[in-house]
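Please read the structure below before turning to the comments.
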Amino acid sequence: MAYEVNGTTVEHDEEGYLTDLNDWSEQIALEIAKNQQLEMNEERWEVVNFLRNYYDEYQVAPAVRVLTKALAKTMGPEKGNNKYLYELFPYGPAKQACMIAGLPKPTGCV
Amino acid sequence: MTTLHIVNKSPFEKNAMESCLGHALDGDAILLFEDGVYGALSNTRIANEISRRAGAVKFFVLGPDLNARGLGDGRIADGITVVDYSGFVDLVTTHGRTQSWL
Amino acid sequence: MSEAKKFLYVNRKAPYGTIYALESLEVVLIGAAFDQHVSLAFVDDGVFQIAKGQDTKSLGVKNFSPTYRALGDYGVTKFYVEKDSLDERGLSADDLMEITYEDENDGFAEKPSIIVVTKAEMAEVMRDQDVILSF
(Lines give C-alpha, C1' and ligand atoms only; values in the text may rest on other atoms or scores of the structure.)
Protein backbone atom coordinates (compact mmCIF):
# COMPACT_ATOMS: atom_id res chain seq x y z
CA MET A 1 0.00 0.00 0.00
CA ALA A 2 1.36 3.39 -0.97
CA TYR A 3 0.56 7.04 -1.55
CA GLU A 4 1.48 8.39 -4.98
CA VAL A 5 2.64 11.99 -5.19
CA ASN A 6 4.33 13.57 -8.21
CA GLY A 7 5.26 10.17 -9.59
CA THR A 8 6.90 8.92 -6.38
CA THR A 9 5.34 6.23 -4.21
CA VAL A 10 5.48 6.28 -0.41
CA GLU A 11 4.64 3.17 1.58
CA HIS A 12 1.96 3.20 4.26
CA ASP A 13 0.42 0.61 6.57
CA GLU A 14 -3.12 -0.79 6.35
CA GLU A 15 -4.55 2.18 8.26
CA GLY A 16 -2.66 4.82 6.28
CA TYR A 17 0.24 5.69 8.59
CA LEU A 18 3.57 6.20 6.80
CA THR A 19 5.89 3.20 7.08
CA ASP A 20 8.93 5.49 7.27
CA LEU A 21 8.42 8.93 8.76
CA ASN A 22 11.44 10.20 6.82
CA ASP A 23 9.27 9.90 3.69
CA TRP A 24 7.12 12.80 4.88
CA SER A 25 6.76 16.02 2.93
CA GLU A 26 4.08 18.70 2.77
CA GLN A 27 2.96 17.16 -0.53
CA ILE A 28 2.52 13.79 1.18
CA ALA A 29 0.62 15.47 4.01
CA LEU A 30 -1.82 16.96 1.50
CA GLU A 31 -2.29 13.54 -0.09
CA ILE A 32 -2.93 11.83 3.27
CA ALA A 33 -5.40 14.57 4.20
CA LYS A 34 -7.21 14.10 0.89
CA ASN A 35 -7.51 10.39 1.65
CA GLN A 36 -9.03 11.34 5.00
CA GLN A 37 -11.47 13.70 3.22
CA LEU A 38 -9.88 16.66 4.95
CA GLU A 39 -8.76 19.89 3.38
CA MET A 40 -5.62 21.35 4.89
CA ASN A 41 -6.12 24.88 6.18
CA GLU A 42 -4.09 27.07 8.48
CA GLU A 43 -5.63 25.61 11.65
CA ARG A 44 -4.98 22.02 10.62
CA TRP A 45 -1.40 22.81 9.61
CA GLU A 46 -0.87 24.43 13.00
CA VAL A 47 -1.77 21.17 14.77
CA VAL A 48 0.17 19.00 12.31
CA ASN A 49 3.28 21.16 12.68
CA PHE A 50 2.92 21.13 16.44
CA LEU A 51 2.83 17.31 16.39
CA ARG A 52 5.90 17.14 14.16
CA ASN A 53 7.83 19.43 16.48
CA TYR A 54 6.71 17.45 19.53
CA TYR A 55 7.84 14.20 17.90
CA ASP A 56 11.12 15.73 16.85
CA GLU A 57 11.79 16.77 20.46
CA TYR A 58 10.53 13.70 22.32
CA GLN A 59 10.41 10.84 19.76
CA VAL A 60 6.82 10.09 20.67
CA ALA A 61 3.43 11.16 19.37
CA PRO A 62 1.61 12.72 22.31
CA ALA A 63 -1.58 11.23 23.72
CA VAL A 64 -4.64 13.39 23.04
CA ARG A 65 -4.84 14.75 26.56
CA VAL A 66 -1.16 15.68 26.42
CA LEU A 67 -1.73 17.35 23.04
CA THR A 68 -4.69 19.42 24.27
CA LYS A 69 -2.81 20.50 27.38
CA ALA A 70 0.27 21.50 25.38
CA LEU A 71 -1.81 23.37 22.77
CA ALA A 72 -3.69 25.19 25.52
CA LYS A 73 -0.40 26.31 26.95
CA THR A 74 1.23 27.49 23.73
CA MET A 75 -1.82 28.64 21.72
CA GLY A 76 -4.42 29.37 24.35
CA PRO A 77 -7.46 27.56 25.74
CA GLU A 78 -9.61 28.31 22.66
CA LYS A 79 -7.38 25.92 20.69
CA GLY A 80 -6.29 23.57 23.45
CA ASN A 81 -9.55 21.72 23.90
CA ASN A 82 -11.16 18.55 22.58
CA LYS A 83 -14.04 20.31 20.82
CA TYR A 84 -11.68 22.43 18.70
CA LEU A 85 -9.47 19.47 17.83
CA TYR A 86 -12.34 17.15 16.97
CA GLU A 87 -13.88 19.81 14.73
CA LEU A 88 -10.61 19.95 12.81
CA PHE A 89 -10.09 16.17 12.85
CA PRO A 90 -13.48 14.45 13.24
CA TYR A 91 -12.03 10.93 13.47
CA GLY A 92 -9.72 11.98 16.28
CA PRO A 93 -6.71 14.30 16.39
CA ALA A 94 -4.47 11.44 17.49
CA LYS A 95 -5.47 9.30 14.56
CA GLN A 96 -5.89 11.81 11.73
CA ALA A 97 -3.50 14.60 12.68
CA CYS A 98 -0.70 12.15 13.50
CA MET A 99 -1.31 10.33 10.25
CA ILE A 100 -1.10 13.56 8.25
CA ALA A 101 2.01 14.55 10.21
CA GLY A 102 3.62 11.29 9.12
CA LEU A 103 3.98 10.06 12.69
CA PRO A 104 3.36 6.56 13.99
CA LYS A 105 0.05 5.85 15.68
CA PRO A 106 0.28 7.32 19.20
CA THR A 107 1.28 4.85 21.89
CA GLY A 108 -1.74 4.17 24.03
CA CYS A 109 -4.15 5.21 21.31
CA VAL A 110 -6.81 2.51 21.72
CA MET B 1 1.78 -4.33 54.01
CA THR B 2 4.71 -6.66 53.33
CA THR B 3 6.16 -7.69 50.00
CA LEU B 4 6.65 -11.08 48.39
CA HIS B 5 9.79 -10.86 46.26
CA ILE B 6 10.12 -13.45 43.53
CA VAL B 7 13.43 -14.28 41.87
CA ASN B 8 13.78 -16.52 38.81
CA LYS B 9 17.44 -15.96 37.85
CA SER B 10 20.49 -17.86 39.08
CA PRO B 11 22.54 -15.65 41.44
CA PHE B 12 25.67 -16.96 39.71
CA GLU B 13 24.60 -15.47 36.36
CA LYS B 14 22.58 -12.33 37.21
CA ASN B 15 22.51 -9.88 40.12
CA ALA B 16 18.71 -10.13 40.54
CA MET B 17 18.99 -12.12 43.79
CA GLU B 18 21.66 -9.80 45.17
CA SER B 19 19.61 -6.72 44.29
CA CYS B 20 16.51 -8.33 45.79
CA LEU B 21 18.36 -9.03 49.07
CA GLY B 22 19.56 -5.43 49.07
CA HIS B 23 15.99 -4.07 48.89
CA ALA B 24 13.97 -6.64 50.88
CA LEU B 25 12.86 -5.28 54.26
CA ASP B 26 12.37 -7.17 57.50
CA GLY B 27 9.00 -8.94 57.41
CA ASP B 28 9.16 -9.51 53.64
CA ALA B 29 9.36 -12.94 51.99
CA ILE B 30 11.54 -14.10 49.10
CA LEU B 31 10.53 -16.98 46.85
CA LEU B 32 13.13 -18.57 44.56
CA PHE B 33 11.81 -20.32 41.46
CA GLU B 34 12.94 -21.40 37.96
CA ASP B 35 16.74 -20.80 37.81
CA GLY B 36 16.39 -18.78 40.99
CA VAL B 37 16.37 -22.10 42.89
CA TYR B 38 20.17 -22.30 42.48
CA GLY B 39 20.26 -19.48 45.02
CA ALA B 40 18.80 -21.86 47.63
CA LEU B 41 21.76 -24.30 47.60
CA SER B 42 23.94 -24.67 50.67
CA ASN B 43 27.68 -23.92 50.69
CA THR B 44 27.45 -21.23 47.99
CA ARG B 45 28.87 -17.74 48.07
CA ILE B 46 25.43 -16.29 48.84
CA ALA B 47 24.30 -18.91 51.38
CA ASN B 48 25.86 -16.85 54.20
CA GLU B 49 23.87 -13.78 53.27
CA ILE B 50 20.68 -15.85 53.23
CA SER B 51 21.32 -17.37 56.66
CA ARG B 52 22.20 -13.89 57.99
CA ARG B 53 18.81 -12.51 56.85
CA ALA B 54 16.76 -15.69 57.51
CA GLY B 55 14.26 -15.05 60.27
CA ALA B 56 13.82 -11.34 59.59
CA VAL B 57 13.12 -12.25 55.95
CA LYS B 58 11.37 -15.53 55.17
CA PHE B 59 12.90 -17.61 52.36
CA PHE B 60 11.00 -20.08 50.18
CA VAL B 61 11.96 -22.20 47.18
CA LEU B 62 9.68 -23.87 44.65
CA GLY B 63 9.95 -27.70 44.95
CA PRO B 64 9.03 -28.64 41.37
CA ASP B 65 11.85 -26.43 40.03
CA LEU B 66 14.30 -28.04 42.49
CA ASN B 67 13.26 -31.54 41.48
CA ALA B 68 13.50 -30.77 37.78
CA ARG B 69 17.12 -29.71 38.31
CA GLY B 70 18.04 -32.74 40.42
CA LEU B 71 18.36 -30.69 43.61
CA GLY B 72 16.92 -32.71 46.50
CA ASP B 73 16.04 -31.39 49.95
CA GLY B 74 19.49 -32.31 51.32
CA ARG B 75 21.15 -29.68 49.12
CA ILE B 76 19.08 -26.73 50.35
CA ALA B 77 20.55 -24.20 52.78
CA ASP B 78 19.10 -24.06 56.30
CA GLY B 79 16.31 -21.56 56.84
CA ILE B 80 14.71 -22.03 53.41
CA THR B 81 11.26 -23.61 53.20
CA VAL B 82 10.32 -25.74 50.18
CA VAL B 83 6.82 -25.01 48.81
CA ASP B 84 4.71 -26.45 45.97
CA TYR B 85 2.60 -24.48 43.47
CA SER B 86 -0.31 -24.01 45.88
CA GLY B 87 2.20 -22.79 48.47
CA PHE B 88 3.34 -20.22 45.88
CA VAL B 89 -0.25 -19.06 45.44
CA ASP B 90 -0.71 -18.84 49.22
CA LEU B 91 2.37 -16.62 49.46
CA VAL B 92 1.01 -14.29 46.78
CA THR B 93 -2.34 -13.99 48.52
CA THR B 94 -0.90 -13.43 51.99
CA HIS B 95 1.35 -10.54 50.89
CA GLY B 96 -0.03 -7.16 49.84
CA ARG B 97 2.40 -6.78 46.98
CA THR B 98 4.48 -9.00 44.74
CA GLN B 99 7.70 -7.71 43.23
CA SER B 100 9.57 -9.57 40.49
CA TRP B 101 13.34 -9.41 40.17
CA LEU B 102 13.90 -10.24 36.52
CA MET C 1 -13.04 5.76 39.04
CA SER C 2 -12.06 4.13 42.30
CA GLU C 3 -9.27 5.61 44.36
CA ALA C 4 -6.04 6.12 42.44
CA LYS C 5 -3.32 3.61 43.28
CA LYS C 6 0.41 4.11 43.48
CA PHE C 7 2.30 2.35 40.71
CA LEU C 8 6.08 2.01 40.58
CA TYR C 9 7.83 0.86 37.42
CA VAL C 10 11.17 -0.67 38.42
CA ASN C 11 13.73 -0.55 35.60
CA ARG C 12 16.83 -2.72 36.06
CA LYS C 13 18.06 -3.36 32.50
CA ALA C 14 20.24 -1.30 30.17
CA PRO C 15 18.57 0.01 26.98
CA TYR C 16 19.04 -1.53 23.46
CA GLY C 17 20.61 -4.86 24.56
CA THR C 18 17.19 -6.21 25.44
CA ILE C 19 13.63 -5.00 24.83
CA TYR C 20 12.83 -4.46 28.53
CA ALA C 21 13.59 -0.72 28.70
CA LEU C 22 11.53 0.18 25.63
CA GLU C 23 8.66 -2.09 26.69
CA SER C 24 8.63 -0.47 30.12
CA LEU C 25 8.51 3.00 28.58
CA GLU C 26 5.62 2.03 26.30
CA VAL C 27 3.65 0.55 29.19
CA VAL C 28 4.24 3.77 31.17
CA LEU C 29 2.91 5.83 28.24
CA ILE C 30 -0.15 3.62 27.87
CA GLY C 31 -0.72 3.34 31.62
CA ALA C 32 -0.58 7.12 32.03
CA ALA C 33 -4.05 7.30 30.48
CA PHE C 34 -5.53 5.67 33.59
CA ASP C 35 -5.02 8.52 36.06
CA GLN C 36 -3.01 6.60 38.64
CA HIS C 37 -0.03 7.85 40.63
CA VAL C 38 2.91 6.64 38.55
CA SER C 39 6.60 6.84 39.50
CA LEU C 40 9.68 5.27 37.96
CA ALA C 41 12.64 3.63 39.66
CA PHE C 42 16.04 3.12 38.03
CA VAL C 43 18.16 0.46 39.73
CA ASP C 44 21.23 -1.57 38.67
CA ASP C 45 21.81 -1.33 34.87
CA GLY C 46 18.46 0.50 34.61
CA VAL C 47 20.30 3.75 35.36
CA PHE C 48 21.87 3.52 31.89
CA GLN C 49 18.40 4.11 30.39
CA ILE C 50 18.50 7.78 31.33
CA ALA C 51 22.20 8.42 30.65
CA LYS C 52 22.74 11.55 28.56
CA GLY C 53 24.27 11.62 25.09
CA GLN C 54 22.64 8.49 23.66
CA ASP C 55 23.00 8.30 19.86
CA THR C 56 21.72 5.22 18.04
CA LYS C 57 22.07 6.49 14.46
CA SER C 58 24.69 4.00 13.38
CA LEU C 59 22.83 1.21 15.18
CA GLY C 60 19.74 1.66 13.03
CA VAL C 61 17.37 1.50 16.01
CA LYS C 62 15.29 4.26 17.52
CA ASN C 63 16.87 6.37 20.26
CA PHE C 64 13.97 6.43 22.73
CA SER C 65 15.83 8.33 25.45
CA PRO C 66 14.22 11.72 24.57
CA THR C 67 10.83 10.21 25.39
CA TYR C 68 11.67 10.08 29.12
CA ARG C 69 11.70 13.89 28.97
CA ALA C 70 8.09 13.85 27.73
CA LEU C 71 6.79 11.89 30.72
CA GLY C 72 6.25 15.04 32.77
CA ASP C 73 3.47 15.92 30.27
CA TYR C 74 1.95 12.54 31.14
CA GLY C 75 1.91 13.28 34.85
CA VAL C 76 4.95 11.12 35.60
CA THR C 77 7.10 13.46 37.66
CA LYS C 78 9.16 11.24 39.94
CA PHE C 79 12.22 9.37 38.65
CA TYR C 80 13.89 7.67 41.62
CA VAL C 81 17.49 6.83 40.73
CA GLU C 82 19.56 4.66 43.06
CA LYS C 83 22.85 6.27 44.04
CA ASP C 84 24.53 2.92 44.80
CA SER C 85 23.80 1.79 41.23
CA LEU C 86 25.26 5.01 39.81
CA ASP C 87 28.37 4.72 41.99
CA GLU C 88 29.01 1.09 41.05
CA ARG C 89 28.94 2.12 37.39
CA GLY C 90 31.20 5.15 37.76
CA LEU C 91 28.30 7.52 37.09
CA SER C 92 27.01 10.57 38.89
CA ALA C 93 23.79 12.56 38.58
CA ASP C 94 25.60 14.82 36.08
CA ASP C 95 25.80 11.90 33.65
CA LEU C 96 22.00 11.68 33.50
CA MET C 97 19.69 13.54 31.11
CA GLU C 98 18.01 16.66 32.38
CA ILE C 99 14.42 15.55 33.01
CA THR C 100 11.90 18.08 34.29
CA TYR C 101 8.19 18.61 34.76
CA GLU C 102 5.96 21.65 35.08
CA ASP C 103 4.33 21.85 38.49
CA GLU C 104 0.70 22.79 37.84
CA ASN C 105 0.23 23.60 41.52
CA ASP C 106 3.11 26.06 41.47
CA GLY C 107 2.48 28.32 38.48
CA PHE C 108 3.87 25.72 36.02
CA ALA C 109 7.34 26.15 37.49
CA GLU C 110 9.84 23.79 35.88
CA LYS C 111 11.20 21.33 38.42
CA PRO C 112 13.61 18.41 38.20
CA SER C 113 11.99 14.95 38.01
CA ILE C 114 15.10 13.00 39.00
CA ILE C 115 15.48 12.16 42.69
CA VAL C 116 18.71 10.37 43.60
CA VAL C 117 18.14 8.03 46.57
CA THR C 118 20.22 5.53 48.53
CA LYS C 119 19.47 1.83 48.36
CA ALA C 120 17.78 2.00 51.77
CA GLU C 121 15.62 4.91 50.60
CA MET C 122 14.76 3.00 47.42
CA ALA C 123 13.59 0.06 49.54
CA GLU C 124 11.27 2.48 51.38
CA VAL C 125 9.98 3.92 48.07
CA MET C 126 9.16 0.36 46.97
CA ARG C 127 7.39 -0.39 50.25
CA ASP C 128 5.25 2.71 49.78
CA GLN C 129 3.58 1.39 46.57
CA ASP C 130 0.33 -0.42 45.86
CA VAL C 131 1.63 -2.08 42.69
CA ILE C 132 5.16 -2.73 41.45
CA LEU C 133 5.81 -3.49 37.79
CA SER C 134 9.25 -4.92 37.03
CA PHE C 135 11.20 -4.58 33.80
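The values are calculated or read from the model by the stated rules, or taken from the named source; none is laboratory data. Keep in mind it's a predicted model, so treat the numbers as computed, not measured. Cβ sites come from the backbone with ideal geometry, for glycine too, and all protein chains shown count toward neighbours. Only protein heavy atoms, including side chains, enter the accessible area calculation; ligands, DNA and RNA are left aside. Shrake-Rupley method; radii C 1.70, N 1.55, O 1.52, S 1.80 Å.
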- Task: List the chymotrypsin sites (Phe, Trp or Tyr not before Pro) within segment C:69-120 that fall in a DSSP loop (any state other than H, G, I, E or B) and whose Cβ has at most 12 other Cβ atoms within 10 Å.
- Result: C:108
- Note on the structure: Percent relative contact order for chain A, counting Cα pairs under 8 Å at least six residues apart, stands at 29
- Query: Total Å² of accessible surface buried at the C-A contact, 1.4 Å probe, nearest 100?
  - Reply: 1300
- Note on the structure: Zone reached by a paramagnetic label modelled 7 Å from residue C:59 Cα along Cα→Cβ, restricted to segment C:68-108 with backbone N below 17 Å, covers C:68-69, C:96-97
- residue A:46 versus residue C:51: modelled label distance in nm, points set 7 Å from Cα along the beta carbon direction: 4.3
- Please give the per residue accessible area of segment C:6-134, computed with a probe of 1.4 Å over protein heavy atoms only, in Å². 47
- Query: What is the calculated FRET efficiency for residue C:30 to residue B:81, with r their C-beta to C-beta distance and R₀ = 41 Å, to the nearest 0.05?
  - Reply: 0.60
- Message: Treating only the Cβ of Lys, Arg, Asp and Glu as charged (+1, +1, -1, -1), what charge dipole size does the protein assembly as shown show about its Cα centre? Round to the nearest 20 debye.
- Response: 720
- Could you let me know the centre-to-centre spacing of segment C:1-54 and segment C:119-135, using Cα atoms, in angstrom? 13
- Note on the structure: With R₀ set to 56 angstrom, the calculated FRET efficiency between the beta-carbons of residue B:73 and residue C:110, to the nearest 0.05, is 0.45
- Message: Take residue C:87 and residue C:130, extend 7 Å from each Cα along the Cα→Cβ direction, and tell me the distance between the two endpoints in nm.
- Response: 3.5
- Residues other than residue B:67 with Cβ under 15 Å of its Cβ, Lys/Arg counted +1 and Asp/Glu -1, net out at -3
- Query: Once the dipole of the protein assembly as shown is set up with Lys and Arg at +1 and Asp and Glu at -1 on Cβ about the Cα centre, which of C:46, C:34, A:86 lies farthest towards its positive end?
  - Reply: C:46
- Task: Could you check the simple spin-label distance between residue A:4 and residue B:49, using points 7 Å along Cα→Cβ, in nm with one decimal?
- Result: 6.5
- Note on the structure: Long-range amide H partners of residue C:100, meaning residues 5 or more apart or on another chain whose placed amide H is closer than 5 Å, are C:113
- Item | Label-zone membership for segment B:1-34, site residue C:119, 7 angstrom Cα→C-beta point, backbone N under 13 Å | B:15-25
- Share, in percent, of DSSP beta bridges within segment C:6-134 that are antiparallel, nearest 5: 25
